[in-house]
Amino acid sequence: MAFLGILFALTAAQPVSAAMKFARKECSDCHKKFEDAYGSKKYLHTMVKDKKCEECHLRHGIVPKLLLKNDGNQLCLACHPADKIGLSKAKVHTPLKGGKCVGCHNPHGSDQRFFLKSAGSEACYACHKKDAYEKKVVHQVLKTEGCRACHLAHSSAFSNLLSKEEPALCLSCHDSKAGSFKKAHGNYPVETRKCTGCHNPHSSTQAKLLKSSAHNPVATSGCDGCHPAPNSPKPFEVTAKGGELCAQCHEAKTLNGGGTVEHQPFKKGNCLSCHNPHASEQDKLLVKSGNALCFDCHKEKAAMVTVKHGAVVQGKGCLSCHKPHASVQKKLLVAAGAELCYTCHAKTKDGLKRKDVHAPFSGGDCEKCHNPHGSSFQGMLKDRMDTVCYSCHTDAETKFKKNYIHRPVLEQNCAACHISHGSEVKKLLKSAAPGLCTPCHAEMMKKVAQGVNHQPFTDGDCLTCHDPHAGNLPGLIVSKQTELCATCHDGTFKGHQQAKDSHAPFTNGDCTKCHSPHKAKLPKLLLAQSPDLCLNCHKDVKAKLAREKNHSPAQKDCTTCHKPHFATERALLVEPVQSICSQCHETTKEPFSKAHLGISAAALDCMACHNPHASKDPKFFKDVTHPPFAARTCDDCHIKQ
């Protein structure tokens, strides 16, 4: 208390100070690295220059990285209105449209104008592959002025963000009236057509920026090979229709290679469905690259799949298996049936040498199970594995719909046990039992060294007792336990029909209530020793033994008095009760006779008065006893004779 008094006196003596104030710090006081990075930049964002960081950033926040006041371009649009940067135009640059101004611009500062992250065309090459713009022959304007000579950075009214529509853009540099221009184009009025039909506007491997694959008449200025004279009324019409024009140079016999099955566009002479008549960046004047051309018509083949066929997505793509014009095989295939597959899957063909070969595989019908273009199922299957198998094994689908289903069947994984092409084992199994079962049931399959192993289990005859697919009984056993076990243990079941009493597990077919079907450390494959095994079910006896005086045989072994399966005596007794009791109790001696009023043991029913397992009474009398009987005054009720 004295200390508190001194403390109070000291504090009371101090004058009341003014409210505390925080001195404001600039962001740069802590963000030293930022100062080092942008302090010397040629162009700085106004907010950075004026140290107005809070125009864009929050001073405090949970996430300590950006703390921006708004997401994406919304922050930029607060100062740079959408209409001014061109968001209202028909064509908008993808990064700008996707809210990624910072894809091209550094929001703080740069040594380049407009805060670009890189100088000139290098900024564009961050997304557009540079190789396409630096081929052997490069457009002069691209060299000198870069991409912005023809393209607008943010948006445009024209495709490809061009600053003018084509050909007006090209003609702003190239004089269509010049003699060299006219000569190069065979005096045709090409100024009325798009230049990019024949020329690559950026770079090319060909002279005069002609696209890499140029039709010979175009490359040699021989336009009149297909078109009327340049001074005719319609100079760009063709001198023949469709495939007839192409056939003047390209013979159908050469193109179809003797094939009788013709590609529909080829058959109808629609060459321009696949080929550009002038020039293309694709081989053989194709209008699109690789599979994209085929997918224009065969749209279903373009569907996304998780398991892709290597032949489709690599190398020549569709042309790995199909011919473009004609073939002697159906579906324009380059080879017949499975032989086509074996060109890549040579090892799979070895399955034909196996003892048991899957019928579709031996018949070369790979498409019976597989989708050759790709699939969303493992192994490029046409559908879920079990659905594919059931398409032939129609009876199996119904047969397997039972109460208990083997896990591989339940998980639609037939290949867990079967080889789909060929096997050395019957039914296309990966191996014979028990080897087939071991991968999943390895621990259970281990035999007991110091114990008893069931003979079928020892011999690996799993299918003697179990159905490998499905069943209506627990454990996938092939029949009820009484029937199944009786096929080998018929002696155990003899006389059952004449029995006076049967053990419930035996009657109900629950052999495994007492016995292990595979292995055990105890004789007769018992799950536990008696009486522990019996007391698992006989809970009332177990409770009585735990709290009362125990009858000696009940403590040791139930089978001293009872049979395990069935008996000709009640309560599964091994013989009449008098005979059992007389084995331990001397029924002919005076003490027994006196205690039982001289009545012969043969005329008595011991269990009428005594509990054979346990009792609170020293003489094992039952819990509820008639008072005269308890007092040993039998003559109160009975007449002595």
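The values are calculated or read from the model by the stated rules, or taken from the named source; none is laboratory data. What you see is a predicted model; the values in this text were computed from it and never measured. Neighbour counts run over all protein chains shown; Cβ positions are idealised from the backbone, glycine included. Quick note on the areas: whole protein, heavy atoms, side chains included, nothing else; ligands and nucleic acids left out. Shrake-Rupley method; radii C 1.70, N 1.55, O 1.52, S 1.80 Å.
A count restricted to segment 123-163 and to residues that are charged (D, E, K, R) and either under 21 Å from Lys84 (Cβ atoms) or surrounded by fewer than 12 Cβ atoms within 10 Å (Cβ to Cβ) (or both) stands at 5. For segment 392-414, the set of residues classified as in a loop (DSSP other than H, G, I, E, B) and either under 26 Å from Phe361 (Cα atoms) or within 26 Å of the chain's Cα centre (by Cα) (or both) consists of Cys392, His393, Phe400, Lys401, His406, Glu411, Gln412, Asn413, listed by residue number. Residues in segment 618-641 that are open to solvent by 100 Å² or more (accessible area, probe 1.4 Å), basic (Lys, Arg) and modelled with pLDDT of 90 or more: Lys619 alone. I'd like to check something: does segment 238-249 contain any residue that is touching a Lys or Arg at 6+ places or on another chain (Cβ under 9 Å) and at pLDDT 95 or above? Among the residues of segment 238-249, not one is touching a Lys or Arg at 6+ places or on another chain (Cβ under 9 Å) and at pLDDT 95 or above, which makes the answer no. Of the numbered criteria (1) surrounded by 13 or more Cβ atoms within 10 Å (Cβ to Cβ); (2) in contact (Cβ under 8 Å) with a residue 12 or more places away in the chain, the one Ala359 fails is (1). Just give me the residues in segment 82-115 being touching a Phe, Trp or Tyr at 6+ places or on another chain (Cβ under 9 Å) and not small (Gly, Ala, Ser), in sequence order. Listed by number, the residues that qualify are Lys91, Cys104, His105, Asn106, Pro107, His108, Asp111, Gln112, Arg113, Phe114, Phe115.
For segment 539-569, the set of residues classified as of a type in the set (S, T, N, Q) and open to solvent by 70 Å² or more (accessible area, probe 1.4 Å) consists of Gln555, Thr559, Thr560, Thr568, listed by residue number. Of all residues in segment 55-73, none are open to solvent by less than 100 Å² (accessible area, probe 1.4 Å), touching a Ser or Thr at 6+ places or on another chain (Cβ under 7 Å) and modelled with pLDDT under 90. If you check Ser180, Ser221, Ser232 for being of a type in the set (S, T, N, Q), farther than 30 Å from Lys267 by Cβ and assigned to a helix (DSSP H, G or I), only one passes: Ser180. Each residue in segment 120-158 was checked for being in a helix (DSSP H, G or I), within 21 Å of Ser204 (Cβ to Cβ) and in contact with a strand residue (DSSP E or B) (Cβ under 6 Å, 6 or more places away or on another chain), and 1 pass. As a summary of the residue check, Cys511 satisfies the conditions (1) closer than 23 Å to Lys446 by Cβ; (2) open to solvent by less than 50 Å² (accessible area, probe 1.4 Å); (3) touching a strand residue (DSSP E or B) at 6+ places or on another chain (Cβ under 8 Å) except for the one numbered (3). Restricting to segment 89-106, name every residue that is touching a strand residue (DSSP E or B) at 6+ places or on another chain (Cβ under 8 Å) and open to solvent by 70 Å² or more (accessible area, probe 1.4 Å). Within segment 89-106, Lys89, Ala90, Lys91 qualify. Among the candidates Gly290, Gly315, the residue that is surrounded by fewer than 16 Cβ atoms within 10 Å (Cβ to Cβ) and under 38 Å from the mean Cα position of the chain (by Cα) is uniquely Gly315. Looking at Gln578, is it within 30 Å of Asp540 (Cα to Cα), buried (at least 16 other Cβ atoms within 10 Å of the Cβ) and at pLDDT 90 or above? Here the answer is yes, as Gln578 does meet what is asked.
So for segment 609-617 (the condition being on the phi < 0 side of the Ramachandran plot, under 60 Å from the mean Cα position of the chain (by Cα), of a type outside the set (Lys, Arg) and open to solvent by less than 50 Å² (accessible area, probe 1.4 Å)), does at least one residue qualify? No, segment 609-617 contains no residue that is on the phi < 0 side of the Ramachandran plot, under 60 Å from the mean Cα position of the chain (by Cα), of a type outside the set (Lys, Arg) and open to solvent by less than 50 Å² (accessible area, probe 1.4 Å).
The set of residues in segment 449-470 being of a type in the set (A, V, I, L, M) and either exposed (fewer than 15 other Cβ atoms within 10 Å of the Cβ) or out of contact with any strand residue (DSSP E or B) (no Cβ under 7 Å at 6 or more places or on another chain) (or both) consists of Ala449, Leu463. When Ser593 is tested against (1) of a type outside the set (Phe, Trp, Tyr); (2) open to solvent by 80 Å² or more (accessible area, probe 1.4 Å); (3) out of contact with any Asp or Glu (no Cβ under 6 Å at 6 or more places or on another chain), only condition (2) is not met. Scanning segment 495-512 for any residue that is on the phi > 0 side of the Ramachandran plot, in a loop (DSSP other than H, G, I, E, B), modelled with pLDDT under 95 and touching a Ser or Thr at 6+ places or on another chain (Cβ under 7 Å) turns up at least one such residue. Does segment 326-336 contain any residue that is open to solvent by 40 Å² or more (accessible area, probe 1.4 Å) and either under 27 Å from the mean Cα position of the chain (by Cα) or within 27 Å of Ser212 (Cα to Cα) (or both)? No; the residues of segment 326-336 include none that is open to solvent by 40 Å² or more (accessible area, probe 1.4 Å) and either under 27 Å from the mean Cα position of the chain (by Cα) or within 27 Å of Ser212 (Cα to Cα) (or both). Checked against the criterion of being open to solvent by less than 40 Å² (accessible area, probe 1.4 Å), closer than 30 Å to Val409 by Cβ and in contact with a strand residue (DSSP E or B) (Cβ under 8 Å, 6 or more places away or on another chain), the candidates Leu473, Leu484 yield just one match: Leu484. Among residues that are open to solvent by 90 Å² or more (accessible area, probe 1.4 Å) and among the basic types (Lys, Arg), Lys301 is not included.
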